[in-house]
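None of the figures in this text is laboratory data; all of them are computed from the coordinates on show. The shown structure was predicted, so the numbers you read here are calculated from the model rather than taken from an experiment. Here the Cβ positions follow ideal geometry from the backbone for every residue, glycine too, while neighbour counts run over all protein chains shown.
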Amino acid sequence: MAFEFLSEIGKGIENIAVGAIRTLGDFDIANRLIDSGAQALGISDPVKNVAKVVGGVVFFDPVVIANGALGLWEELNRCPPAKTEYAPPATRESCGNGWAKPGQRSTLVPPGLGFNWPTVREPSFQGSSPAAASAEGDDPEELSSGAGPEDFESGAAWPVDPNLNDYLRALKVLQANWRTFDTAVGARDGLLSRENLRAVVDNPAASEVLKGASRFLLDHAEYYHRLEMAAGIGGPDRIVGVGDVSAAIAEAEAVLRRYPADSTWGPSSLARASGVPHGVRSILDSSSMSLEEKVEAVLQLIAEQTDDQISEVMDQMAQVSQRRAGLGQGTNARKSAAAMDQSMERLQLRLQKLIERRRQMFELMSTLSEKSNEMAKTAIQNMGRA
Amino acid sequence: MEMNREEAETLRGFARGEKTWAEVEGFTQEDARKVAEVGCDLAELGRLDEARVLFEGLVELNPKDSGARSALGTVYQKLNWVDEALAAYSAALESDEQNPIALSNRGELRLRAGDGEGLVDLKKACEADPEGRTTAGQRAALLLKVVDQAVARQAVNGEPGKG
């Protein structure tokens, strides 16, 4: 009886050993493992040979398993093989190697358009959109409603000149191309006057981006005056320094942060009433942009809105994934999982369409820019022949 | 199309093989991490083909990123594309020889093929990830513990029949 009892225990242990083998993939690795792997681990020959002689799988010594390796076996099952995880390099030298630096824009985007890869936002929306605000419990109506005359009088909201956006754009063009403007007339002296702007406008080789910024400042004396005194140095001397440009940009951005575009009125409120997005309306209303610049700006706006939508979809996908991962095992959980899988499929389809739309917008912008350059060259050549 | 000197140099660098497409497109490590998170989630859900596409895209954008290559290797491994998985892990280790995910999974695949060098990979994986921050690092440590315990047991028991 004792022998039968021990025999049953032995069978049980053997089954455990077989199970432990299967943990690594159900194959006989014992002898091959012992020869080469043991050498790598510095296991001595006598021990190695003993291991080989023992009938079976010394790697999974049943006694070892019965005495505690079984716990390791269970832990192994909790750490599955080939789990997909992303771990950037640990060393500072190799971290970021091959990736663009933060803030670096795409080399392929025509200058002046300021297009960047969509940045995928973390789920902490911070009230950046009505949808995000409603997710946090805020009333989206409060965020999207425009300011009317009664709000203006009470001081609760303040309308911002729609031309402020064009002003900011012109300032950024000025800052990015400061040397070009500076040297448009005379020597490089770090100063800019209306003469420099006129010289850029009159230069047939200058790009429409530079010309558009120059025209805006020439056509809007109120903004030129604002710029020339932005740094607070000197009075209205008609001279603009690089410090004025930096100060003006900071000031304009601060105003736009404090008074979001939705709080503007006048043409914007008319735009909302007519169903035309505010940004597009301000572009169309702008008197400082040429037709080509307006078309490019509208396309860029559409591309940026597409980027925002792409970011939102990816955030939603991340949320669905997280909820899916937290589901249990019951029948209800399986139903929820199936529903979430369908949601994920719909989100992926939407993401594909948005990415395709973005690609088409970008191709359109590139084609437009290319055609514009060709037309300009042809015009110049024709003038030469004439 | 107008382009400043730095941008032109970036494109030339790409043509010479010195710059990656990620640097041309302005795709940052943070962008890559976000895409990789989605890829990991897709793999977890069993959507291996979609995960493969994402990670293959990341590898195309920046072939130097060992994290993307090793993640791609795990997807190949789950698809039972063993040769591709091994190649991906080896390529990952060329960029970062201390990548615990590549080391651990390559080690295990090598052991399955009867190559004892797999134990060396497992050992290196443990050294690269001593705190077990990755699942692969934890698995490598556990596998080596099983080996250690078995060998230690045999050393105690000595010759068969004398234990």
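Working note: Karplus 6.51/-1.76/1.60 with θ = phi - 60° gives region A:75-83 the couplings 5, 4, 5, 7, 10, x, x, 6, 6 Hz, where Gly and Pro are set to x. Note on B:64-71: average number of Cβ atoms from other chains within 10 Å of each residue's Cβ is 5.
If you add up the charges near A:ILE239, with Lys and Arg at +1 and Asp and Glu at -1, over every other residue whose beta carbon is less than 13 angstrom from its beta carbon, what do you get?
Once positives and negatives cancel, what remains is -4.
Put in order of Cβ neighbour count within 10 Å, fewest first, the listed residues B:VAL75, B:VAL24, A:VAL240 become B:VAL24, A:VAL240, B:VAL75. Between A:LEU349 and A:MET383, residue separation times 0.36 nm minus the direct Cα-Cα distance comes to 7.2 nm. Multiplying the residue separation of B:ALA8 and B:TRP81 by 0.36 nm and subtracting their alpha-carbon distance yields 22.3 nm. Beyond 31 Å in Cα-Cα separation lie the following of the pairs A:LYS101/A:LYS377; A:LYS335/B:LYS123; A:LYS335/B:LYS124; B:LYS64/B:LYS145; A:LYS101/A:LYS172; B:LYS34/B:LYS145: A:LYS101/A:LYS377; A:LYS335/B:LYS123; A:LYS335/B:LYS124; B:LYS64/B:LYS145; B:LYS34/B:LYS145. Annotation for region B:73-163: chymotrypsin sites (Phe, Trp or Tyr not before Pro) lying in DSSP loop with at most 16 further Cβ atoms inside 10 Å of their Cβ are B:TRP81. Each label point was placed 7 Å from the Cα along the Cα-to-Cβ direction; for A:GLU75 and B:VAL53 their separation is 4.0 nm.
Run the dipole for region B:1-103 about the Cα centre, Lys and Arg Cβ at +1, Asp and Glu Cβ at -1, nothing else charged, and hand back the magnitude in debye, nearest 20.
Working: 11 positive and 22 negative charges, 35 e Å.
Roughly 160 debye, rounded to the nearest 20.
The helix-only estimate of mean residue ellipticity at 222 nm for chain B, built from DSSP H runs of length n ≥ 4 each weighted as -39500 (n - 2.57), is -24000 deg cm²/dmol after division by the residue total.
The charge dipole of region A:184-241, taken about the Cα centre with unit charges on the Cβ atoms of Lys, Arg (+1) and Asp, Glu (-1), comes to about 60 debye, rounded to the nearest 20.
Computed over the Cα atoms of region B:29-84, what is the convex hull's projected area averaged over all directions, in nm²?
Details: hull surface 13.4 nm².
Approximately 3.3 nm², given one-decimal rounding.
The Rg/Rh ratio for region B:19-163, using Cα coordinates for both the radius of gyration and the Kirkwood hydrodynamic radius, is 1.09. Applying 1/(1 + (r/R0)^6) with r as the Cβ-Cβ distance of A:ASP308 and B:ALA152 and R0 = 45 angstrom yields a FRET efficiency of 0.15.
Rounded to the nearest 10 degrees, the angle from helix B:117-128 to the longest Cα principal axis of chain B is 70 degrees. Specify the angular offset, from 0 to 90 degrees and rounded to the nearest 10, of the alpha carbon long axis of helix B:29-44 from the longest principal axis of the alpha carbons in chain B. Between the helix axis and the principal axis of chain B, the angle is about 50 degrees.
What is the sum of charges, Lys and Arg at +1 and Asp and Glu at -1, for the other residues whose Cβ falls under 11 Å from the Cβ of B:LYS123?
Working: positive: B:LYS124; negative: B:GLU117, B:ASP121, B:GLU127, B:ASP148.
Charge balance near B:LYS123 sits at -3.
Evaluate E = 1/(1 + (r/R0)^6) for A:GLU356 and B:GLU30, where r is the Cβ-Cβ distance and R0 equals 25 Å; express this FRET efficiency to the nearest 0.05. Approximately 0.55, to the nearest 0.05.
Peptide A:371-383 has a mean shielding of 0, counted as Cβ atoms of other protein chains within 10 Å of each residue's Cβ. A crude spin-label estimate for the pair A:ASP161 and A:VAL298, with each label 7 Å from Cα along the Cβ direction, gives 2.5 nm.
With an 8 Å cut-off on Cα pairs and a minimum separation of 6 or more residues, tell me the relative contact order of region B:19-77 in percent. Present the calculation step by step, with values, prior to reporting the outcome.
Values: 44 pairs, mean separation 20.1, N = 59.
It rounds to 34 percent for region B:19-77.
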